[in-house]
Amino acid sequence: MVDKNLAHDRGGEIKEVRLVLPVRDGSIDESNIGFVNQGSALQSVARALAAVGANIDSIRRVADYPVTGLELLVSPDPADEHVYPHGTLRSKLVEVAASVGVDVAVERAGLMRRSKRLIVFDVDSTLIQGEVIEMLAARAGAAAEAEVRAVTEEAMRGELDFTESLRRRVAVLAGLPASVLDEVAGQLELTPGARTTIRTLKRLGFRCGVVSGGFTAVVRRLVDELGLDFCAANDLEVVDGRLTGRVLGEVVDRAGKADALRRFADEFGIPMEQSVAVGDGANDIDMLSAAGLGVAFNAKPALREVADTALSHPYLDVVLFVLGITRDEVEVADAAEVALEASGEDYNVYVPILNALGALGKEEVRKNIQLRAVAAFENHLKQVPEDARARILVAGYYAELDRVEDAMRETTMAMTLRANEASILYNAACVFCLLKKKQEAIDALRKAYDAGFKDPNWARRDPDMTLLHGDPEFERMYPASETTN
């Protein structure tokens, strides 16, 4: 069996393997685990898994553009008695992935995979295209730009201490007007998929930020534009409106990046194992190693060797697929966002959106929007406190969010306002079922029945009513014999 720390163990730990493949002509045929024009890649991965005692239990498509993304649920082969060295599965998959031109990520299956709550990005050549220091040096002349580029390459390959390389590069900027910082900040180009990635993760409740060996005066523009939660970078000294060529304070270097990640995780009360770090250079090694999941993005060899997963495609939203967030979920969330923005403060628009997300099984996206729905309902009820329908709807959302007291209060008020309205009483029974309050649910349902809600097909097929199945009073009111197919 493969070592449990990186793959699975004799106890049956299940792993998820995510593959990212370039989009080419042809389509995936998941029924026979093959590709048209991509078959050899997945077949090579399948052979590698089998060679280290792993079975593929299922395959799920998580994206079809800008790359093809597949998620493989992998479990131990009980017939394989061999004990493999620590790290065998990951190293074997990395080797095969490199040979066939795909990216691979391996994580334990289960809730912890989706428990990540904080993500930090490097800036240069990760969140944005290019290197800020080179853009600044270009304003000092061609010779300065060439010198900075050469030093940057040495540092990114790990051949030069980052702090020393930073000081050498910054010295080249001496004498430039401080206005160049704003000029460069205004010319930054985000990496394709960056905006989608940040927007999606923030909807899911992630704390998102940047930790950069670059400069605060430039990075701060990104923080404001993307609505990031935190930032750590270096400060350039300015005297009489010009750069002095010196850095103020402690340098955010390789160790400083890891320290910043720990500091931000502590500030937000998030365990390090629930953090993600994304970077591309040798100065990101400590940060990625400290994070719960380290992602090397189009990275130098020194970083790829230590990262949990390495991505070689030029789209930052591939990070979402590594986190198990599907393209479908991203698009559903985008559509919901457009509808919500168009609706303004109208609380009614949330109901069909939340119902649709529930039907699609998009629970994480749904929960995030549900929090916004609750706020909209609360605001509405301050203005129209007699709206029983709004009260019973928000009671249901409270129940799903485990806000028991709020759910009970709103349900009771709705029943008081519309004591003889069958639909309000029936929905009250549903809320009580969600709260596992069986007797209250039966009492409310009896009132709904007396008020005219007597459809056994609806009551028996409503998943919210499952708690009451078999109860004598429920069976009397809605007998199975009276249902139709």
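What the table below lists for this structure:
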{"quantity": "Ordering of 308-314, 460-466, 122-128 by packing [mean C-beta count within 10 Å, highest first]", "calculated": "122-128, 308-314, 460-466"}
{"quantity": "Inverse of mean 1/r across different Cα pairs in the range 375-425, Kirkwood, Å", "calculated": "10.7"}
{"quantity": "Whole-percent carbon and sulfur share, accessible surface of the chain, 1.4 Å", "calculated": "49"}
{"quantity": "Distance cut-off 35 Å, percentage of C-alpha pairs in the chain lying past it", "calculated": "48"}
{"quantity": "Packing rank of 168-180, 270-282, where each peptide gets the mean count of other beta carbons within 10 Å, highest leading", "calculated": "270-282, 168-180"}
{"quantity": "Inter-centroid distance (Cα atoms) of the range 63-107 relative to the range 169-243, Å", "calculated": "36"}
{"quantity": "Within the range 170-319, percent of DSSP bridges classed antiparallel, to nearest 5", "calculated": "30"}
{"quantity": "For the chain: relative contact order, % (alpha-carbon pairs under 8 angstrom, 6 or more apart)", "calculated": "11"}
{"quantity": "Listed pairs LYS116/LYS367; LYS257/LYS367; LYS202/LYS367; LYS116/LYS257; LYS116/LYS202; LYS92/LYS257 exceeding 22 Å between Cα atoms", "calculated": "LYS257/LYS367; LYS92/LYS257"}
{"quantity": "Karplus (6.51, -1.76, 1.60) ³J(HN,Hα), θ = phi - 60°, over the range 424-433, in Hz, Gly and Pro reported as x", "calculated": "5, 5, 5, 5, 4, 4, 4, 4, 4, 5"}
{"quantity": "Crossing angle, helix 162-171 versus the chain [Cα axis fit, 0-90 degrees, rounded to tens]", "calculated": "70"}
{"quantity": "GluC sites (Glu not before Pro) within the range 134-203: DSSP coil, no more than 13 neighbouring Cβ in 10 Å", "calculated": "GLU159, GLU189"}
{"quantity": "Amide H contacts of ILE128 (H built 1.01 Å from N, under 5 Å, at least 5 apart or other chain)", "calculated": "THR191"}
{"quantity": "Under 5 Å, built H, 5+ apart or other chain: amide partners of ASN298", "calculated": "LEU311, SER312, HIS313"}
{"quantity": "Against the rule of thumb 2.2 N^0.38 Å, how large the Cα Rg of the range 298-421 comes out", "calculated": "1.46"}
{"quantity": "Highest to lowest packing among 76-84, 213-221, 414-422, scored as the average C-beta count within 10 Å", "calculated": "213-221, 414-422, 76-84"}
{"quantity": "DSSP beta bridges in the chain [antiparallel fraction, %, rounded to 5]", "calculated": "60"}
{"quantity": "Crossing angle, helix 438-450 versus the chain [Cα axis fit, 0-90 degrees, rounded to tens]", "calculated": "60"}
{"quantity": "As computed over the range 337-485, the Cα convex hull volume per residue (Å³)", "calculated": "115"}
{"quantity": "Cut-off under 5 Å, modelled amide H: who pairs with ASN55 long-range", "calculated": "SER75, ASP77"}
{"quantity": "Sequence-separation-based contact order of the range 114-224, relative, with Cα cut under 8 Å and 6+ spacing, percent", "calculated": "43"}
{"quantity": "Mean ellipticity per residue at 222 nm, deg cm²/dmol - from DSSP H runs of n ≥ 4 across the chain, formula -39500 (n - 2.57)", "calculated": "-14500 deg cm²/dmol"}
{"quantity": "Accessible surface, per residue, of the range 37-106 when the full set of protein chains is kept, probe 1.4 Å, Å²", "calculated": "44"}
{"quantity": "Average projected area [Cα convex hull, the range 220-272], square nanometres", "calculated": "4.9"}
{"quantity": "Sites GLU81 and GLU305, calculated FRET efficiency, Cβ-Cβ separation with R0 30 Å, nearest 0.05", "calculated": "0.45"}
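The values are calculated or read from the model by the stated rules, or taken from the named source; none is laboratory data. Predicted model only: the values in this text are computed from it and were never measured. Cβ: placed from backbone, ideal geometry, glycine included. Neighbour counts: every protein chain shown. Remember, those area values only see protein heavy atoms, side chains included, never the ligands or the DNA or RNA. Shrake-Rupley method; radii C 1.70, N 1.55, O 1.52, S 1.80 Å.
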